[in-house]
Amino acid sequence: KAGVTQTPRYLIKTRGQQVTLSCSPISGHRSVSWYQQTPGQGLQFLFEYFSETQRNKGNFPGRFSGRQFSNSRSEMNVSTLELGDSALYLCASSLASGRREDTQYFGPGTRLTVL
Amino acid sequence: SQQGEEDPQALSIQEGENATMNCSYKTSINNLQWYRQNSGRGLVHLILIRSNEREKHSGRLRVTLDTSKKSSSLLITASRAADTASYFCATGLSSGGSYIPTFGRGTSLIVHP
């Protein structure tokens, strides 16, 4: 099976712009989660989508949003970019079987730089 | 706040030596997972240990779990230069019917050839 793919891999934006990142999960995986990784804050959970619905949300401002399509592909959007949004954005998919042992499979990430 | 915290933050060893990383967490867990991340890339799942297990092996990896001390350790035996990466522990947080792992800040391992 193909792994989790994320596009684009690298992105440079300026403050105030908005950005959309895309994630394609492993075939058959129904849950997609997004994480922000920065040197200062480490890996922080943004949100999780399951069956096109946001099931969980981390502690991020409303500028961060996402959605999931019927084929489980997901996008996240960041509006009004700030310098502090520069980070590696990771997407992870899982079967979401309901067991408490779901393993998350991560994509390679999108490196966002805000100038 | 981070549920798991790895220790040490950084570890530098020679090829062939063993590397031990520790993880402490705060609340009760159902399981604990270890992940590896090569520089600037995604995370790779290494191993999962359940709360009723004390030790688990996978190849050159050995993971222990002490729920009374709320801690886990990851041992990499006979390390190789290719093991150079950051290692994260993740503890499960069940919320809204799903299972969201919470990651620590990681241990950066450098294995010198």
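The values are calculated or read from the model by the stated rules, or taken from the named source; none is laboratory data. Nothing here was measured: the structure is a model prediction, and the numbers come from that model. With ideal geometry, Cβ positions are generated from the backbone for all residues, glycine too; neighbour counts draw on all protein chains shown.
The condition of being within 12 Å of chain B (Cβ to nearest Cβ) and within 20 Å of B:N38 (Cβ to Cβ) holds for only one of A:Q54, A:Q37, that being A:Q37.
Just one of (1) among the charged types (D, E, K, R); (2) in contact with a Lys or Arg (Cβ under 8 Å, 6 or more places away or on another chain); (3) loosely packed, with under 15 Cβ neighbours inside 10 Å fails for A:E48. It is (3). Out of A:S27, A:S72, A:S22, which single residue is in contact with a His (Cβ under 9 Å, 6 or more places away or on another chain) and farther than 30 Å from B:E6 by Cα? Every option except A:S72 fails the conditions.
Can you spot a residue in segment B:93-105 that is in a loop (DSSP other than H, G, I, E, B), buried (at least 16 other Cβ atoms within 10 Å of the Cβ) and within 14 Å of the chain's Cα centre (by Cα)? Quick ask: steps written out before the conclusion?
Initial filter on segment B:93-105 (in a loop (DSSP other than H, G, I, E, B)): B:96-97, B:104-105.
Next, only the ones that are buried (at least 16 other Cβ atoms within 10 Å of the Cβ) stay: B:104-105.
This time we only want the ones that are within 14 Å of the chain's Cα centre (by Cα), so: B:104-105.
Yes, segment B:93-105 has at least one match.
The set of residues from segment A:84-114 being outside any strand (DSSP E or B), touching a Leu at 6+ places or on another chain (Cβ under 8 Å) and either more than 8 Å from every other protein chain (Cβ to nearest Cβ) or on the phi > 0 side of the Ramachandran plot (or both) comprises A:D85, A:S86, A:G109. Of the residues examined, B:R41 is one that is without any contact (Cβ under 8 Å) to a residue 60 or more places away in the chain, touching a strand residue (DSSP E or B) at 6+ places or on another chain (Cβ under 9 Å) and not in a strand (DSSP E or B). In the set A:S24, A:S31, only one residue is closer than 19 Å to A:S65 by Cα, among the hydroxyl-bearing types (S, T, Y) and within 9 Å of another protein chain (Cβ to nearest Cβ); that residue is A:S31. Please determine whether any residue of segment B:15-33 is at pLDDT 95 or above, part of a strand (DSSP E or B), over 15 Å from the mean Cα position of the chain (by Cα) and over 27 Å from A:S86 (Cα atoms). Within segment B:15-33, not a single residue is at pLDDT 95 or above, part of a strand (DSSP E or B), over 15 Å from the mean Cα position of the chain (by Cα) and over 27 Å from A:S86 (Cα atoms). Being within 15 Å of the chain's Cα centre (by Cα) and part of a loop (DSSP other than H, G, I, E, B) is a condition met by no residue of segment A:31-48.
Of the residues B:S58, B:S72, only one is within 10 Å of the chain's Cα centre (by Cα) and either away from every other protein chain (no Cβ under 13 Å) or surrounded by fewer than 19 Cβ atoms within 10 Å (Cβ to Cβ) (or both); which?
That would be B:S72, the only listed residue that is within 10 Å of the chain's Cα centre (by Cα) and either away from every other protein chain (no Cβ under 13 Å) or surrounded by fewer than 19 Cβ atoms within 10 Å (Cβ to Cβ) (or both).
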